[in-house]
1. Would you tally the residues in segment 134-163 being farther than 27 Å from R413 by Cα, in contact (Cβ under 8 Å) with a residue 40 or more places away in the chain and not in a helix (DSSP H, G or I)?
2. Scan the strands (runs of 3 or more DSSP E) fully inside segment 324-373 and keep the ones with 2 or more residues being open to solvent by 60 Å² or more (accessible area, probe 1.4 Å).
3. Which of (1) open to solvent by 20 Å² or more (accessible area, probe 1.4 Å); (2) in contact with a helix residue (DSSP H, G or I) (Cβ under 7 Å, 6 or more places away or on another chain) is the odd one out, the single condition R39 does not satisfy?
4. Do you know which of the residues in segment 119-133 that are out of contact with any Lys or Arg (no Cβ under 6 Å at 6 or more places or on another chain) and in a helix (DSSP H, G or I) is most open to solvent (accessible area, probe 1.4 Å)?
5. If you scan segment 286-323, which residues turn out to be farther than 12 Å from V342 by Cβ, open to solvent by 80 Å² or more (accessible area, probe 1.4 Å) and either touching a Pro at 6+ places or on another chain (Cβ under 6 Å) or among the basic types (K, R) (or both)?
6. Taking the criterion of being among the hydroxyl-bearing types (S, T, Y), farther than 20 Å from Y354 by Cα and either open to solvent by 10 Å² or more (accessible area, probe 1.4 Å) or within 16 Å of the chain's Cα centre (by Cα) (or both), would at least one residue in segment 84-99 satisfy it?
7. Working only within segment 103-118, note down all residues that are polar (S, T, N, Q) and in a helix (DSSP H, G or I).
Amino acid sequence: MAQPVLSAEQEALFRLIEDTREHVFVTGRAGTGKSTLLRHLTWNTQKQIAVCAPTGVAALNVEGQTIHSLFKLPIGLIADSELDQSDATRKILNAIDTLVIDEVSMVNADLMDGIDRSLRQARARRREPFGGVQVVMFGDPYQLAPVPPRGDEARYIDDHYRSFWFFDAKVWAGEQAGDGLIEMGRHGAELHIRELTQIHRQDDDAFKTMLNAVRYGRVTAEIAEALNAAGARTPPRDGDDPVITLATRNDRVNQINAQHLADLPGREQTAVAEVNGDFGRGDAYPADENLKLKIGAQVMFLRNDIGSGGEPPRWVNGTIGTVTRILGDSVRVDVDGEEFDVEPAVWEKYRYAYDPFQKKLSRDVAAEFTQFPLRLAWAVTIHKSQGKTYDRAVVDLGAGAFAPGQTYVALSRLTSLDGLYLSRPLRPSDIRVDENVRRFMRNAWEKQGDAMRAG
């Protein structure tokens with residue numbers, strides 16, 4: 001598979017990460033190429049890196065390991081609990097030069113401090129943040145938030161942190177909970193925020209301006225009117241060009257997909273995934289364990305076509321097509337009038353290990369999940385549309401956006417305003433931005449100014 005070509009600002013950021021030991025938070029609007037830069041870093045760095053993410057699916061997407069699995073941290077609130085580390089874990093953590101965290105906006109402050117404490121404990125340099133490891137984080141807090149704490153966890157967070165976001169962890173302020181070895185205002189890790197600005201998903205400047213307004217919660221009456229006017233159209237019917245519904249809730253998505261599948265004539269067939277090794281629970285699976293299909297089903301590809309011989313990919317993660325034939329070992333899918341035979345794909349779950357002979361980190365396959373890289377796609381949740389690109393989509397906010405950034409994620413999946421269909425007009429209450437994110441990003445701009453912008 002061909003490596004992506006970096007833009008000038010992506011290349012500048014890669015050099016900052018590769019040539020220094022600075023802690024860097026790479027952020028940017030949807031479609032600015034954060035994932036492209038992360039892949040380039042993992043393929044081209046000369047450093048010993050470990051890549052991790054807060055959820056199983058996110059870890060699979062970057063061919064890394066979950067944070068809890070890599071660090072052997074307890075599930076739930078960590079606080080100042082004892083951290084048990086085996087010799088194997090300590091060897092792995094000691095071999096890391098650079099820790100890469102994807103979807104860091106989903107990491108809460110307590111977990112970020114747990115990562116810091118775990119690294120310092122393993123590496124015996126307890127006064128140095130992260131035990132001397134460079135930390136590089138990717139994500140957009142305007143899109144995804146940590147799961148809000150509840151009950152006693154919420155009360156603990158309220159008592160010990162300004163907010164539950166990763167950027168309010170004590171390691172950044174210079175105070176580490178639990179061992180008292182980092183004092184407030186001293187020895188804190190300095191976080192360099194760099195924002196990618198060149199949008200690759202959309203070309204229309206007017207639409208980019210509208211998306212920015214939604215991202216920052218600055219939607220004027222004129223912008224709202226333009227979005228609602230563009231979206232106030234009847235979506236294409238079945239048989240026309242594929243269109244997908246982006247909805248807020250799982251039950252709504254399941255209802256839409258089940259109803260459309262039931263309405264199709266013909267026999268329903270089920271492809272059962274093959275799972276080898278410890279892949280975790282079903283919610284950690286990258287595709288349906290039992291994929292139900294019929295001829296005529298609208299489906300979405302769940303990963304890029306690897307291609308062969310330098311040929312361009314036939315589909316990418318998020319491409320929508322229609323099933324035209326179901327065989328035992330392949331599914332034929334029509335994409336824009338061209339049919340492809342799709343075979344099962346293998347997702348590999350990795351874990352890091354220390355190779356004592358080469359004195360380096362190795363990345364081993366811990367489990368495999370084999371299934372057709374397809375999902376029914378008359379509808380998908382806005383959360384699962386993260387990272388996808390669609391030419392057209394119905395945005396169904398139902399009773400309303402219930403999480404900050406949800407409306408922005410949905411709208412920013414589209415390549416142009418022409419592809420927008422709204423199940424109902426947008427309301428002011430649909431545009432939600434977390435006030436802690438506003439505060440963090442505003443302070444970052446004031447502190448670092450133009451340096452935030454890559455290149």
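The values are calculated or read from the model by the stated rules, or taken from the named source; none is laboratory data. Just so you know, these numbers come straight off a predicted model, no measurement behind them. Counting neighbours? That spans all protein chains shown, and the Cβs are built from the backbone with ideal geometry, glycine included. Just so you know, the surface numbers come from the protein's heavy atoms only, side chains and all, with ligands and any DNA or RNA stripped out. Shrake-Rupley method; radii C 1.70, N 1.55, O 1.52, S 1.80 Å.
1. Result for segment 134-163: 6.
2. On the way: elements: 331-335, 338-342, 345-355, 360-371.
Strands (runs of 3 or more DSSP E) meeting the threshold: 338-342, 345-355, 360-371.
3. Going through the list (1) open to solvent by 20 Å² or more (accessible area, probe 1.4 Å); (2) in contact with a helix residue (DSSP H, G or I) (Cβ under 7 Å, 6 or more places away or on another chain), R39 breaks only (2).
4. The initial filter retains those residues of segment 119-133 that are out of contact with any Lys or Arg (no Cβ under 6 Å at 6 or more places or on another chain), namely 119, 121, 123-125, 127-130, 133.
The next check asks that each one be in a helix (DSSP H, G or I); those that pass are 119, 121, 123, 129-130.
Values: L119: 1, Q121: 59, R123: 27, P129: 20, F130: 0 Å².
Here the residue is Q121.
5. Matches in segment 286-323: K292 only.
6. We begin by selecting, within segment 84-99, every residue among the hydroxyl-bearing types (S, T, Y); these are 86, 89, 98.
Retained after the next criterion (residues that are farther than 20 Å from Y354 by Cα): none.
The answer is no; no qualifying residue exists.
7. So the first thing to find is which residues in segment 103-118 are polar (S, T, N, Q), and the list is 105, 108, 118.
Scanning segment 103-118 gives S105, S118.
Conditions tested, residue by residue: (1) of a type outside the set (D, E); (2) open to solvent by 40 Å² or more (accessible area, probe 1.4 Å); (3) in contact (Cβ under 8 Å) with a residue 40 or more places away in the chain; (4) part of a helix (DSSP H, G or I).
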site: K208; (1), (2), (3), (4): yes, yes, no, yes
site: R215; (1), (2), (3), (4): yes, no, yes, yes
site: V219; (1), (2), (3), (4): yes, yes, yes, no
site: A224; (1), (2), (3), (4): yes, no, yes, yes
site: A229; (1), (2), (3), (4): yes, yes, no, yes
site: P235; (1), (2), (3), (4): yes, yes, yes, no
